[in-house]
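The values are calculated or read from the model by the stated rules, or taken from the named source; none is laboratory data. Here the structure is a predicted model, which means the values were calculated and not measured. Cβ placement follows ideal geometry from the backbone for every residue including glycine, while neighbour counts extend to all protein chains displayed.
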Amino acid sequence: MKLKYNLLCLVFLPFLSYGNINSTDYNEKLNLKADTFLVKKEQLTLKAALKLADLAIEKAKSMEKLVSVAVLDANGQTIVLLRSDGVGVHNTEASRRKAFTASSTKTATLILGRNAKANPDTQNLANLPELLLLGGGVPIYHNQTVIGAIGVSGGGGAENDDLIARSAFITEAGITTK
């Protein structure tokens, strides 16, 4: 019995040690590093999103307008969705979709809408379910990289919504809409 056990150990022992390869050595042999699989990206904080939304609402108040404001991250996820008292219910969804459109296309919706209308090849963008080609959605930048978007609706037209959205920036943090 001992002889069978010893023989089995001799036969299978090399296989057991083979499975115990050092993962660092393995990754080095394959030239695998964490940055091969991961993307580091800056993200807006809740504090920044609230400040941006507040800045837009304050700009709208200075124009005597009531608006809905949405701030989304670069992936199109809603961080903040605020509305002034008395804003029409449709404006809440419109501001979110404008921000989503600006975030996903990395283009201000006022420009995107005008370009799509002028070009027969891009007119169908207006038919995509989540996109909204109305002015008021603007990408948010940090170090020339889109880190999110702000959408404004209810400001009295596409150009007003765009102007209000562009007023939301945090200079001291390098967060801009230009």
Open item on the list: Can you tell me which of (1) farther than 14 Å from ASP161 by Cα; (2) surrounded by 11 or more Cβ atoms within 10 Å (Cβ to Cβ); (3) at pLDDT 95 or above is the one GLN43 doesn't meet?
Closed with: (3)
Task: All positions within segment 131-158 that are in contact (Cβ under 8 Å) with a residue 40 or more places away in the chain and surrounded by fewer than 24 Cβ atoms within 10 Å (Cβ to Cβ) - done: LEU134, HIS142, ASN143, THR145, VAL146, ILE147, GLY156, ALA158
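Inspect all residues belonging to segment 66-75 and state whether any of them is modelled with pLDDT under 95 and either more than 23 Å from GLU42 (Cα to Cα) or under 14 Å from the mean Cα position of the chain (by Cα) (or both).
Yes: segment 66-75 contains one or more residues that are modelled with pLDDT under 95 and either more than 23 Å from GLU42 (Cα to Cα) or under 14 Å from the mean Cα position of the chain (by Cα) (or both).
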- [ ] Can you tell me which residue within segment 92-117, out of those that are over 18 Å from GLY157 (Cβ atoms) and touching a residue at least 24 places away in the same chain (Cβ under 8 Å), is surrounded by the most Cβ atoms within 10 Å (Cβ to Cβ)?
- [x] SER103
TODO: Would you list the helices (runs of 4 or more DSSP H) that sit entirely within segment 64-178 and hold 1 or more residues that are in contact with a Pro (Cβ under 9 Å, 6 or more places away or on another chain) and of a type outside the set (Phe, Trp, Tyr)?
DONE: 89-105
TODO: Exactly one condition in (1) crowded, with 19+ Cβ neighbours inside 10 Å; (2) free of Cβ contacts under 8 Å to residues at least 60 places away in the same chain is not met by PRO120; state its number.
DONE: (1)
